[in-house]
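J.: Structure provided below as structure tokens; questions to follow.
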Amino acid sequence: MASRSLRLLLLGYLGVLSYRKVSGISIETDNKNVKAEEFKEAILSCKHKFSKGMSLRIEWKKIQSQGVSFVYYNGEFTGDLRGRAEMLNTGIRIRNVTRKDSGTYRCEISVKSEEGQHLGEATITLTVLVAPTTPVCEVPSSAMTGTVVQLSCKETEGSPPSEYQWYKNGVALLEKTGTGSARAANITYTMNKKSGTLLFNTVTKNDTGEYFCEASNGIGLSQKCSVKRMQVDDLNVSGIIAAVVFVALVMALCGLGVFYAQKKGYFTKESSSQKKTNYQSTSEKDFKHTKSFVI
């Protein structure tokens, strides 16, 4: 029993001797939210205060919804950054960034010293800015006065999301604000720059014109769709009435024609002729049958 207690005490003493303290270290970054235009470069900084002579272990990881993956491990880049990135001390420079590079990155540094192992990390978010593409515009070619008409404009590639500006006959339409020039212009439409819609609650003939939309997000050049014409016409009530009267007259003439034919007996004569033909056919059959019976 005494020897067992002595053995446990010795193991505990050896464990204390072999225990190394693990403590945190301070890691800093110049910019926690890095923004870079697509196909240009981005720098993710990661700084520490240890001397150059110390042995550092540096790792970079990308945090995604499906998990954490290595970006820089065991002294080399991995995955999509292989051949496109380089180390800047403990930070990294990514060349020719794409929208796929957007995400959250984590720099992890560990160092061993006489006091034990020290660990530290810093998190940086990279947002790749993408210029807009040509938007898709939907403009009706024709409309009736007094009806509700909506024009739409949309593109989905831009980052950050694009804002939209509608033009009529080459002139930018004012946004309905209720004050200033927009109020004085007596605007009859509602333009939503976020969604790209242009809504006419009661369209008029004055809204006839050539329309196009422009998408922009501050990155690269703005993009616009092709010009489309919208023609607004009054409802042709007299034309509709004339068409209804014409159809009624045609139906009346057809009815009179049928009545006249019946009065003249055209349908009766045809029926009598058909009955006579049927009677003659029956008589011939009866005669043949009688003749055969007599024989």
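The values are calculated or read from the model by the stated rules, or taken from the named source; none is laboratory data. A quick note: this is a predicted structure, and the numbers were derived from the prediction, not measured. Cβ sites come from the backbone with ideal geometry, for glycine too, and all protein chains shown count toward neighbours. When the accessible area is computed, the model is the full protein with side chains, heavy atoms only, and any ligands, DNA or RNA have been set aside. Shrake-Rupley method; radii C 1.70, N 1.55, O 1.52, S 1.80 Å.
J.: Show the residue pairs that are 6+ apart or on different chains and have beta-carbon atoms under 7 Å apart, the first residue being within segment 133-151 and open to solvent by 80 Å² or more (accessible area, probe 1.4 Å), the second being of a type in the set (Gly, Ala, Ser).
T.: From residues that are open to solvent by 80 Å² or more (accessible area, probe 1.4 Å), the pairs are GLU138/SER152.
So that you can scan it fast, the table gives a plain yes or no per residue for (1) modelled with pLDDT under 90; (2) open to solvent by 50 Å² or more (accessible area, probe 1.4 Å); (3) out of contact with any helix residue (DSSP H, G or I) (no Cβ under 7 Å at 6 or more places or on another chain):
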residue	(1), (2), (3)
SER5	yes, yes, yes
LEU10	yes, yes, yes
LYS21	yes, yes, yes
THR29	no, no, yes
PHE39	no, yes, yes
LYS61	no, no, yes
CYS107	no, no, yes
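J.: A further question on this structure: Here is a list of conditions, (1) farther than 20 Å from HIS48 by Cα; (2) open to solvent by 50 Å² or more (accessible area, probe 1.4 Å), and THR123 meets all of them except one; can you say which number that is?
T.: It is condition (1) that THR123 fails.
J.: Next question. Out of the residues in segment 69-91 that are open to solvent by less than 40 Å² (accessible area, probe 1.4 Å) and polar (S, T, N, Q), state the one that is nearest to SER45 (Cα to Cα).
T.: Looking at residues that are open to solvent by less than 40 Å² (accessible area, probe 1.4 Å) and polar (S, T, N, Q), I get THR90.
J.: Spot the failing condition for ILE94; the list is (1) β-branched (Val, Ile, Thr); (2) modelled with pLDDT of 95 or more; (3) open to solvent by 70 Å² or more (accessible area, probe 1.4 Å), and only one is missed.
T.: (3)
J.: Looking at this structure, is GLU214 among the acidic types (Asp, Glu) and within 19 Å of the chain's Cα centre (by Cα)?
T.: When the stated conditions are applied, GLU214 passes them.
J.: Quick one: which strands (runs of 3 or more DSSP E) sit completely within segment 27-104 and have at least 3 residues that are over 30 Å from the mean Cα position of the chain (by Cα) and hydrophobic (A, V, I, L, M, F, W, C)?
T.: 56-64, 85-88
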